[in-house]
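Visitor: Attaching a single structure in structure tokens format; questions to follow.
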Amino acid sequence: MGGEVLGRVTSGDSPDSAQLAGQIGGAGARSQAPAPNRDRSEFMTVRRLLPVPFDRDPNKTPGASLPGRAGVAGAPQQRVVGSPAPAVSANGTPTGDPLRANLALMAPGTALRDGLERILRGRTGALIVLGHDKEVESICTGGFQLDVEFSATRLRELCKMDGAVVLSSDGTRIVRAAVHLMPDPSIPSEESGTRHRTAERVAKQTGFPVISVSQSMRIIGLYVAGHRHVLDDSAAILSRANQALATLERYKMRLDEVSGTLSALEIEDLVTVRDAVAVVQRLEMVRRIADEISGYVVELGTDGRLLALQLDELMAGVDADRTLVIRDYLPVGRRARTLDEALVELDLLSATELIDLVAVAKAIGYPGASDALDAAVSPRGFRLLAKVPRLPGTVVDRLVGHFGSLQRLLGATVEDLQAVEGVGDARARGVREGLSRLAEASILERYV
């Protein structure tokens, strides 16, 4: 049957203050330191947790718009536009987005979040700086040096006193306590309360994230990279996350449909720009909603374990497919875009532009006219070859470079395949049989 198809295709409470004072005294001796037929409202649910692009210019005055600082707790590690969801380190902390990196430090299950919850339950406020350097030291007056290991109970007791607490950038040590912060008053602030206004200005001036706990409103605010983020409880975040997950499941089902249709059209050599761009569009929509859910996973901490498992299952292979489809249909020519450039342009599309197939096609490099969507196009074969078992990526690149198109690959004999470097007799037969099975399955799925 596979040969026939190919033939046609070719075709809680804390210790008291006395106990804490004893701990501090002991530490004092230590050193200091569409599909077009789909409802458009479905597309408009796409939202992104965008990282804040910023840099730190040492020549700027303190009153200017001052951005963030490098490191886990402040981190101006700007995410490359067009990249997949931010990478996660071995301990589960996102490495690319400063907001997410600091939310991970304050997520449920962490010692810092435990301390913040104790402060809320004690009905007291707090001002906490996540980082310490010469800039922070220059705006600190009064208080006392500690340099002790961080614990939730110590943080709770220290916050009973007036003044701010300064932690190390990774939140593992308490550096100073009961300090009075005096940031530059010329730095603009939209806050009205003294504590929150100070927190915003300190965050802008030093570049370190600052946590403000409101005594009257009982909310926790995080100031980082010039923005304020209010921490919600796990129940509220889970509610939003479950809605987003349901949307992702629907998007994934639709993506599987259009991907299957594209595979069948590729076998029959009937692909148009519209067919290819529809798959790229759906892949981008799935990636964006998954990126939003990954932000919820970070905020939930240990409460988001099951959510993370569901997200991983739904997103298996999606990032790879996104790259492979674009490589298959990237236009050629002197002014053609590279893969990275196409990914950048796709990431820059707004939610409104993403529902327009012409805008998506233009982002990849096709003409911006609507009639260009009906032009015939032939895939190179990267996506289908990636589905052949035990076929390394280097061999896939050589096969595509040698034959140039999927149709020539489908019509190639075992001897033709062996002419490619790194393809022996066994591998050639495996490629041939794999393509035959893929062709048969695609045709049957489309017409049966």
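Visitor: Which numbered condition in (1) surrounded by fewer than 18 Cβ atoms within 10 Å (Cβ to Cβ); (2) of a type in the set (A, V, I, L, M, F, W, C); (3) touching a helix residue (DSSP H, G or I) at 6+ places or on another chain (Cβ under 6 Å) is the only one that M161 fails?
Guide: (3)
Visitor: Within the stretch 121-150, track down each residue that is under 13 Å from I211 (Cα atoms) and either modelled with pLDDT of 95 or more or aromatic (F, W, Y) (or both).
Guide: Our first condition is that a residue be under 13 Å from I211 (Cα atoms); within the stretch 121-150, this holds for 125-131.
Of everything in the stretch 121-150, those that are under 13 Å from I211 (Cα atoms) and either modelled with pLDDT of 95 or more or aromatic (F, W, Y) (or both) turn out to be A126, L127, I128, V129, L130, G131.
Visitor: Something else now. Starting from residues that are of a type outside the set (G, A, S) and at pLDDT 95 or above, keep the ones in the stretch 206-219 and report whichever is surrounded by the fewest Cβ atoms within 10 Å (Cβ to Cβ). Steps first, please.
Guide: Initial filter on the stretch 206-219 (of a type outside the set (G, A, S)): 206, 208-211, 213, 215, 217-219.
Subset that is at pLDDT 95 or above: 206, 208-211, 213.
Values: T206: 27, F208: 26, P209: 32, V210: 29, I211: 28, V213: 24.
Among those residues, the one meeting the criterion is V213.
Visitor: I need a count of the residues in the stretch 124-148 that are on the phi > 0 side of the Ramachandran plot and assigned to a strand (DSSP E or B).
Guide: Initial filter on the stretch 124-148 (on the phi > 0 side of the Ramachandran plot): 131, 142-143, 147.
If we keep only those that are assigned to a strand (DSSP E or B) as well, we get 147.
Here the count works out to 1.
Visitor: For the stretch 358-448, give me every one of the helices (runs of 4 or more DSSP H) that falls completely inside it and has 2 or more residues that are surrounded by fewer than 20 Cβ atoms within 10 Å (Cβ to Cβ). Before the answer, list the steps.
Guide: Values: elements: 382-385, 393-403, 406-410, 414-418, 425-447.
The helices (runs of 4 or more DSSP H) meeting that bar are 393-403, 406-410, 414-418, 425-447.
Visitor: For F208, work out the one condition from (1) aromatic (F, W, Y); (2) in the same structural domain as D321 (by the TED database); (3) within 30 Å of I187 (Cα to Cα) it doesn't fulfil.
Guide: Looking at each condition in turn, F208 falls short on (2).
Visitor: Can you tell me which of A235, A241, A203, A225 is surrounded by fewer than 17 Cβ atoms within 10 Å (Cβ to Cβ) and either in contact with an Asp or Glu (Cβ under 9 Å, 6 or more places away or on another chain) or not acidic (D, E) (or both)? Can you show your working first?
Guide: Values: A241 fails: surrounded by fewer than 17 Cβ atoms within 10 Å (Cβ to Cβ); A203 fails: surrounded by fewer than 17 Cβ atoms within 10 Å (Cβ to Cβ); A225 fails: surrounded by fewer than 17 Cβ atoms within 10 Å (Cβ to Cβ).
Matching residue, one of A235, A241, A203, A225: A235.
Visitor: So which residues in the stretch 101-123 are in a loop (DSSP other than H, G, I, E, B) and small (G, A, S), if there are any at all? Spell out how you get there, then give the answer.
Guide: At the first step, the residues of the stretch 101-123 found to be in a loop (DSSP other than H, G, I, E, B) are 106-110, 122-123.
Hits for the stretch 101-123 are A107, G109, G122.
Visitor: Can you name the residue in the stretch 333-354 that is at pLDDT 95 or above and not in a helix (DSSP H, G or I) and is also surrounded by the fewest Cβ atoms within 10 Å (Cβ to Cβ) among such residues?
Guide: The residue in question is S350.
Visitor: When you look at L406, is it closer than 16 Å to V271 by Cβ and either of a type in the set (A, V, I, L, M) or in contact with a strand residue (DSSP E or B) (Cβ under 6 Å, 6 or more places away or on another chain) (or both), yes or no?
Guide: Details: closer than 16 Å to V271 by Cβ: yes; either of a type in the set (A, V, I, L, M) or in contact with a strand residue (DSSP E or B) (Cβ under 6 Å, 6 or more places away or on another chain) (or both): yes.
Criteria met by L406.
Visitor: Looking at (1) more than 27 Å from E299 (Cβ to Cβ); (2) out of contact with any strand residue (DSSP E or B) (no Cβ under 7 Å at 6 or more places or on another chain), which is the only condition G115 fails?
Guide: (1)
Visitor: Still on this model: I'd like to know if the stretch 251-268 contains one or more residues that are crowded, with 19+ Cβ neighbours inside 10 Å and over 23 Å from M315 (Cα atoms).
Guide: For the stretch 251-268, residues crowded, with 19+ Cβ neighbours inside 10 Å and over 23 Å from M315 (Cα atoms): present.
Visitor: Being β-branched (V, I, T), in a helix (DSSP H, G or I), in contact with a Leu (Cβ under 7 Å, 6 or more places away or on another chain) and under 29 Å from G434 (Cα atoms), is that true of even one residue in the stretch 325-332? Show your work before the answer.
Guide: Start the filter on the stretch 325-332 by keeping residues that are β-branched (V, I, T), which leaves 325-326, 332.
Filter again for in a helix (DSSP H, G or I), leaving 325-326.
Remaining after also requiring in contact with a Leu (Cβ under 7 Å, 6 or more places away or on another chain): 325-326.
Subset that is under 29 Å from G434 (Cα atoms): 325-326.
Looking for residues that are β-branched (V, I, T), in a helix (DSSP H, G or I), in contact with a Leu (Cβ under 7 Å, 6 or more places away or on another chain) and under 29 Å from G434 (Cα atoms), one finds at least one in the stretch 325-332, hence yes.
Visitor: Another question, then. Tell me which residues, restricted to the stretch 97-150, are touching a Pro at 6+ places or on another chain (Cβ under 7 Å) and more than 21 Å from R195 (Cα to Cα).
Guide: D97, P98, R100, A101, A104
Visitor: Then there is this: Of the residues G333, G304, only one is closer than 30 Å to I237 by Cα and out of contact with any strand residue (DSSP E or B) (no Cβ under 8 Å at 6 or more places or on another chain); which?
Guide: Numbers: G333 fails: closer than 30 Å to I237 by Cα.
So the residue among G333, G304 that is closer than 30 Å to I237 by Cα and out of contact with any strand residue (DSSP E or B) (no Cβ under 8 Å at 6 or more places or on another chain) is G304.
The values are calculated or read from the model by the stated rules, or taken from the named source; none is laboratory data. Predicted model, so just to flag it, every value in this text is computed and none were measured. Backbone-built Cβ (ideal geometry, glycine too); neighbour counts: all protein chains shown.
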